């Protein structure tokens, strides 16, 4: 079976936004055994859109479009596709009622222009939009007049905004997939998320244990991200699940101490889950990460049962006043130092009454380097029931990468200590 | 002139990486008046690659490919394109010398496989790779045997790694552009960033004032993001700059109070720039946004001169202890209330000595709703030299969207007040 994805939007062709739809849709489908064969992006210009959809429908079993279903003048997918296929647009009262209730639920008047979103091509199935007003539209073209042999094609049109598109794919499109394209080969994809060991070392360690499975046809992939390495197994056929499970078992036996989660789990999700399950409370004292860790932890539903408080103590006065860091310590060692990281973590733990407190103080750059402490220098403190440890890292990257990587190190440090239930005297680095 | 961009790589089609090349190349070219008409992504599979390049060469004046020039078994672009065009691959001693010096400069042995990178299709121009080993390749096909009318096409093949591709485009491709495609029309693209007015309302307001310019050929585009709407003007020809400037003038005259920046500026960049320029200091007291605002503000270089401190006061005890919110207020009104938002903002301002302090307290969901305060309810306080205002919003979205949108409202509130230099008694909403 062949799949073609068509992303519309002049902002794409002008390079004003990243095409995140492509990655997300390709990924969600690949994880279920459906590989997109071709992705095409074009502007909102009518002729380009018609040409791309026509070509896609002329050769693929499934064509997905994104964008162009909204209420403004550059949203033309609905009308152009209907015209291409010779289908009338019909007013759909249920869709209109949904649009109305969307605005009423937010105490806003219904804009006149949104009425066009209630127009549905003859014979199209409506895909409910729970996070916006423009519904998705699906047409099962059987026969497909644009294919020389008339074989059927499923045309699925999705709205552009990611927070509307993503739930629609998961809740409206995927449940219809098995009916439209039954009997796909078994496909299992499993990703183990690791932190603390580089990609090349990871590969060296796993080469031997996984050789037999790779020789037998399993795909082994490594993806290095900032502060993380994903190890990915892909297998197909009736033995796929067994092969991937065996690969996971061997990998955990070899490099288990670096694995913090699987598939799409983030470090902050694991942190909230493990703290929550143990009834532990957390506090954060961030200087150079500037709230990045707090933000990620509070992205996880249930974070409020774990995180007591966070302090973004950029200025030295804030470190003194909010966390009780002694003024003399700041003067003697500087804000970016082992003793200050220690005092920040212990202060945050004392002030909030948390079980564990994490502190971060470093030089994110581009400015701020001092002799002996280049840009990227960071001290990460963890204060817990058994004492405090501080590790020193050098994360010499751009500002946002610095924050992300430092957060990975800080979260994995506190997670490891909390799960071990004790704090060693030192971790051999700090 | 028509331009087609072809990105190759199985990792793209499996959704494992974002296609950053698309945005970057489209943007760099658009800013110089060259708009990419179509972008195609396909896997490393030979048939898919040949089909995509053949189609592109059959219709475009300029075809750019990325990826597939490296030394490994899945790098096939060089060899497949040469075969398609009936050109032999010739050994290129200068390229081999460059590859050799690349490895020698890093004290590493030259891998045998890299020798394939010194093979160049007959008649191709070599584009120097200063950051890697695989050179780019450019072929001026005149006549182009794949176009029915034989019109010429420029085929430019670029390596996949971004830190190799980007300098190659800037230093090797752009200087050759004027020779290949002289006399491009003037092109001006301008984006105004707005917050506080929905896409449909925005278009309704601008319809009249911009009608004449749109009728005259200017492209008007809207891009709805979370809590923001981009309004984009594109014009071509000798009058382009004048037309776009006039569109901007009329738009500012009509919806100026919603415009916070232009082109790639983010709200946090504008905030740091405006506060910094006025010598103003900021403090943040975040409950439901959990450090999201602090994180975004501290992503901006120079934030340390503006942000004195941030407090992530998730727990009530933290609101009392760190910000001095009276216990009785929390008991009487609940943490999500106008008086608590007011006390948080004023507390943060007093404790830190900042000129302005912003507070956020609300219900991010999915749980936490109480009678009269559904999920999404949020109170945003701004305390400044002239007093405190609190606005109430209903941002009924998923957790991350809630945080983002609330942050937009909070940052635009404090920005507006700080730029006005005074705090009105009420903003008419809270």
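Where a number appears in this text, it was derived from the coordinates with a stated rule and is not lab data. Not measured: the values here are computed from a predicted model. Here the Cβ positions follow ideal geometry from the backbone for every residue, glycine too, while neighbour counts run over all protein chains shown.
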Mean separation of Cα contacts under 8 Å, 6 or more apart, over the residue count of the stretch A:132-215: relative contact order %:
18
A correct fewest-to-most ranking of A:77, B:377 by other Cβ atoms within 10 Å would be B:377, A:77
Considering Cα pairs under 8 angstrom that are at least six residues apart, work out the relative contact order of the stretch B:278-420 and quote it in whole percent.
24
Using a label point 7 angstrom from Cα along Cα-to-C-beta, what distances in nm, from shortest up, separate residue A:372 from the other copies?
5.9
How long is the gain from residue B:212 to residue B:419 if the chain were fully straight, where each residue apart is worth 0.36 nm and the alpha carbon distance is subtracted?
71.2 nm
Between residue A:274 and residue A:241, what's the calculated FRET efficiency when r is the beta-carbon distance and R0 is 25 Å? Round to 0.05.
0.40
At residue B:184, with labels set 7 Å past Cα in the Cβ direction, how many nm apart are the copies from this one, shortest first?
4.0
Starting from 0.36 nm per residue, how many nanometres of slack lie between residue A:170 and residue A:100 once their C-alpha separation is accounted for?
22.8 nm
The helix B:46-59 Cα axis meets the longest alpha-carbon principal axis of chain B at an angle in degrees, between 0 and 90 and rounded to 10, of 90
Going by how many other beta carbons lie within 10 Å of each one, how would you line up A:223, A:189, B:189, B:288, fewest first?
A:223, A:189, B:189, B:288
Modelled label-to-label distance, residue A:327 and residue B:331, 7 Å Cα→beta-carbon offset: nm?
3.7
Under the helix-only model (-39500 (n - 2.57) for each DSSP H run of 4 or more, divided by the residues of chain B), the mean residue ellipticity at 222 nm, to 500 deg cm²/dmol, is -11500 deg cm²/dmol
Please check: in the Gaussian network model of chain B (C-alpha springs, under 10 Å), which one of B:161, B:182, B:385 has the largest mean-square fluctuation.
B:182
Enter the angle in degrees (range 0 to 90, nearest 10) between the Cα long axis of helix A:20-30 and the first principal axis of the Cα atoms of chain A, meaning the one along which they spread out most.
80
Starting from the Cα gyration tensor of the stretch A:1-158, take the square roots of the eigenvalues, sort them a ≥ b ≥ c, and report rounded, prolate or oblate (rounded when a/c is under 1.5, otherwise prolate if a/b is larger than b/c, else oblate).
prolate
Label model pair residue A:317, residue B:400: point-to-point distance (7 angstrom along the Cα→beta-carbon line) in nm is 3.6
Using a 7 Å offset from the Cα along the Cα-to-Cβ direction at both residue A:262 and residue B:248, what is the distance between the two label points in nm, to one decimal?
5.4
Normalising by the residue count of chain B, find the relative contact order in percent from Cα pairs under 8 Å and 6+ residues apart.
10
Roughly what angle does helix B:338-352 make with the longest principal axis of chain B, taking Cα atoms, 0 to 90 degrees, to the nearest 10?
80
Could you order peptides B:305-317, B:165-177 by the average number of other Cβ atoms within 10 Å of their residues, highest first?
B:305-317, B:165-177
Pulled fully out, how much extra length does the chain show between residue B:45 and residue B:17, if you take 0.36 nm times their separation in residues and subtract their Cα-Cα distance?
8.3 nm
